[in-house]
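Visitor: Here's a structure for you.
The values are calculated or read from the model by the stated rules, or taken from the named source; none is laboratory data. Here the structure is a predicted model, which means the values were calculated and not measured. Every residue, glycine among them, receives a Cβ derived from its backbone with ideal geometry; neighbour counts consider all protein chains shown.
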Amino acid sequence: MGSGRSKMAKPISIYELEGGPNQFFSPFCWAARFAVAHKGLPIETIRWKFKEGDKIAFSNQGLVPVIVDGNKDGKWVNDSWAIAKYLEETYPDRPSLFGGPQGEAAALFVQKWFQTGGPLGALFKIVILDIYKAQTPDLQPWFRETREAKFGVKLEEFSVGEAGVPDFQKALEPLRQLLAEYPYLGGKDGPSYADHFVAGMFMLAYAVSSVKLLEKDDVIYAWRERMMAAYGGIGKNAVGHPESL
Ligand SMILES: N[C@@H](CCC(=O)N[C@@H](CS)C(=O)NCC(=O)O)C(=O)O
C-alpha cells in the first residue's frame, strides 16, 4: 500500500549535470533534487556531463535531469516538471510538492514566468562565461560552438557579467513582492515545488559564479538563505561560491 513507509525507501537516482568535481550547475537538476529531498526520499547522484547522451539513451532523449526510481523497478522519468508530477503522484503520503491541484497549476505558472518572463534570461547573461569556464577543457569548444550557434553571437558578446545584476533584480520584482507577504512561494507553511524551481536557478549561479546577485536587505536574500539551508542544507553544502552570497 502507498509508498511503503514501513519499508526503508530506496534511493531515487538523479542524473545530474556536473562541471568540475561535484560542481552541479543545472537549475533543472537542482529543482529535481530539491523535490526528491522534499519527499524525504534518499538521493543518489549519477554524475553526467554534456555529450554523454549515450548514458541516458534509455530515456529516448538527451537532456537531464532524468530520475530512476529504485522503489518502482527502476522506472525512469525525464524533464524536471514531469519528475515533480511523478513524485507527487507516486508518493502521495509524503510531504506534498504542490499542496493540491491549484498549487500544481500555480507552480507551473511560476516556472513559466521564470523561464519566459525575464529572470532566467537575465541570469544567463550574467553567468554564461562562468558556465563556459565550469566545463572541463575537452567540453569547452563544444559548449562555445553550440551556444554561439543558438545565440547568434560570441559568448563574450552575449555575456554582460556583473553589469546585468540590476536587470536580474528588476525581473525578480514579482517574487520580491510575494515574499514580502509570505515566507515561501508555497505560502506560510513552507516551500513548495515553485520554491524548488526558483531556488534551482539560484543554485546554478551559486555553483559557477562569484557575482553577488542580491542585496542583503532584499527579502529574496533571506528566502534564498532559507532554501539553501533546507533539507539538511543540500544547497548550502554544495560546491559553489560562498563569496557570491
Ligand atoms: N525542460 C527540461 C530542460 C532540461 C535541460 O535543458 N537540461 C540541460 C541542462 S540544464 C541539458 O541536459 N542539456 C544537455 C545538452 O545541451 O546537450 C527540464 O526542465 O528538465
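Visitor: So, Ile46, is that one within 10 Å of the ligand (Cβ to nearest atom), in contact (Cβ under 8 Å) with a residue 12 or more places away in the chain, β-branched (Val, Ile, Thr) and under 30 Å from Lys133 (Cα atoms) or not? Working first, answer last.
Guide: Values: within 10 Å of the ligand (Cβ to nearest atom): no; in contact (Cβ under 8 Å) with a residue 12 or more places away in the chain: yes; β-branched (Val, Ile, Thr): yes; under 30 Å from Lys133 (Cα atoms): yes.
No, not satisfied.
Visitor: If you don't mind, there's one more thing I want to ask. Can you spot a residue in segment 74-82 that is at pLDDT below 95 and more than 15 Å from the ligand (Cβ to nearest atom)?
Guide: Pass one, segment 74-82, residues at pLDDT below 95: 74.
If we keep only those that are more than 15 Å from the ligand (Cβ to nearest atom) too, we end up with 74.
Yes.
Visitor: Only one of Phe28, Phe34, Phe58 is within 11 Å of the ligand (Cβ to nearest atom) and of a type in the set (Phe, Trp, Tyr); which?
Guide: Only one candidate passes the filter, namely Phe28.
Visitor: Determine, yes or no, whether Gln115 is in a helix (DSSP H, G or I) and within 15 Å of the chain's Cα centre (by Cα). Lay out the reasoning, then the answer.
Guide: Numbers: in a helix (DSSP H, G or I): yes; within 15 Å of the chain's Cα centre (by Cα): yes.
Answer is yes for this residue.
Visitor: Now for a separate question. Does Tyr15 qualify as being within 14 Å of the ligand (Cβ to nearest atom), hydroxyl-bearing (Ser, Thr, Tyr), crowded, with 18+ Cβ neighbours inside 10 Å and over 18 Å from Ala199 (Cα atoms)?
Guide: Working: within 14 Å of the ligand (Cβ to nearest atom): yes; hydroxyl-bearing (Ser, Thr, Tyr): yes; crowded, with 18+ Cβ neighbours inside 10 Å: yes; over 18 Å from Ala199 (Cα atoms): yes.
When the stated conditions are applied, Tyr15 passes them.
Visitor: Would it be correct to say that Pro95 is under 30 Å from Leu139 (Cα atoms), outside the structural domain of Gly200 (by TED's automatic domain parsing) and either touching a strand residue (DSSP E or B) at 6+ places or on another chain (Cβ under 6 Å) or away from the ligand (no atom under 16 Å from the Cβ) (or both)?
Guide: Values: under 30 Å from Leu139 (Cα atoms): no; outside the structural domain of Gly200 (by TED's automatic domain parsing): yes; either touching a strand residue (DSSP E or B) at 6+ places or on another chain (Cβ under 6 Å) or away from the ligand (no atom under 16 Å from the Cβ) (or both): yes.
Answer is no for this residue.
Visitor: Of these, Gly118, Gly99, which one is of a type outside the set (Val, Ile, Thr) and either exposed (fewer than 13 other Cβ atoms within 10 Å of the Cβ) or modelled with pLDDT under 95 (or both)? Walk me through it before giving the result.
Guide: On the way: Gly99 fails: either exposed (fewer than 13 other Cβ atoms within 10 Å of the Cβ) or modelled with pLDDT under 95 (or both).
From the options Gly118, Gly99, the qualifying one is Gly118.
Visitor: Any residue at all in segment 144-164 that's among the aliphatic types (A, V, I, L, M) and either touching a residue at least 60 places away in the same chain (Cβ under 8 Å) or crowded, with 18+ Cβ neighbours inside 10 Å (or both)? First the steps, then the outcome.
Guide: Kept after step one, since they are among the aliphatic types (A, V, I, L, M), are these residues of segment 144-164: 149, 153, 155, 160, 163.
Imposing the further condition that a residue be either touching a residue at least 60 places away in the same chain (Cβ under 8 Å) or crowded, with 18+ Cβ neighbours inside 10 Å (or both) reduces the set to none.
There is no residue in segment 144-164 that is among the aliphatic types (A, V, I, L, M) and either touching a residue at least 60 places away in the same chain (Cβ under 8 Å) or crowded, with 18+ Cβ neighbours inside 10 Å (or both).
Visitor: Condition first: farther than 15 Å from Val165 by Cα and touching a Leu at 6+ places or on another chain (Cβ under 6 Å). Now tell me which residues in segment 204-234 satisfy that.
Guide: The answer is Val219, Trp223.
Visitor: Which residues, counting only those in segment 220-245, are part of a helix (DSSP H, G or I) and either aromatic (Phe, Trp, Tyr) or closer than 17 Å to His38 by Cβ (or both)?
Guide: Quick first cut of segment 220-245, residues part of a helix (DSSP H, G or I) only: 220-233, 242-244.
Selection gives Tyr221, Trp223, Arg224, Arg226, Met227, Met228, Ala229, Ala230, Tyr231, Gly232, Gly233.
Visitor: Within segment 1-41, how many residues are at pLDDT 95 or above, in a loop (DSSP other than H, G, I, E, B) and over 17 Å from Gly74 (Cα atoms)?
Guide: 9
Visitor: Among the residues of segment 158-169, is any under 15 Å from the mean Cα position of the chain (by Cα) and either in a helix (DSSP H, G or I) or of a type in the set (Asp, Glu) (or both)? It would help to see each step written out before you state the result.
Guide: Step one: of segment 158-169, the residues under 15 Å from the mean Cα position of the chain (by Cα) are none.
Within segment 158-169 (the criterion being under 15 Å from the mean Cα position of the chain (by Cα) and either in a helix (DSSP H, G or I) or of a type in the set (Asp, Glu) (or both)), the answer is no, since none of the residues qualifies.
Visitor: Also: With the condition kept exactly as written, say whether any residue in segment 134-146 is hydroxyl-bearing (Ser, Thr, Tyr), in the same structural domain as Ala205 (by TED's automatic domain parsing) and more than 13 Å from the ligand (Cβ to nearest atom). Walk me through it before giving the result.
Guide: Of the residues in segment 134-146, the ones hydroxyl-bearing (Ser, Thr, Tyr) are 136, 146.
From what's left, in the same structural domain as Ala205 (by TED's automatic domain parsing): 136, 146.
Within this subset, residues satisfying the condition of being more than 13 Å from the ligand (Cβ to nearest atom) are 136.
Within segment 134-146, one or more residues are hydroxyl-bearing (Ser, Thr, Tyr), in the same structural domain as Ala205 (by TED's automatic domain parsing) and more than 13 Å from the ligand (Cβ to nearest atom).
Visitor: If Val208 passes every condition in (1) within 16 Å of the ligand (Cβ to nearest atom); (2) closer than 21 Å to Thr116 by Cβ; (3) crowded, with 18+ Cβ neighbours inside 10 Å; (4) not polar (S, T, N, Q) but one, which one does it miss?
Guide: (2)
Visitor: How many of the residues in segment 183-219 are under 25 Å from Leu87 (Cα atoms), part of a loop (DSSP other than H, G, I, E, B) and of a type outside the set (Gly, Ala, Ser)? Reasoning before the result, please.
Guide: Taking segment 183-219 as the starting set, the residues that turn out to be under 25 Å from Leu87 (Cα atoms) are 183-204.
Filter once more, keeping what is part of a loop (DSSP other than H, G, I, E, B): 183, 185-186, 188-192.
Those still in the list that are of a type outside the set (Gly, Ala, Ser) too: 183, 185, 188-189, 191.
So the answer is 5.
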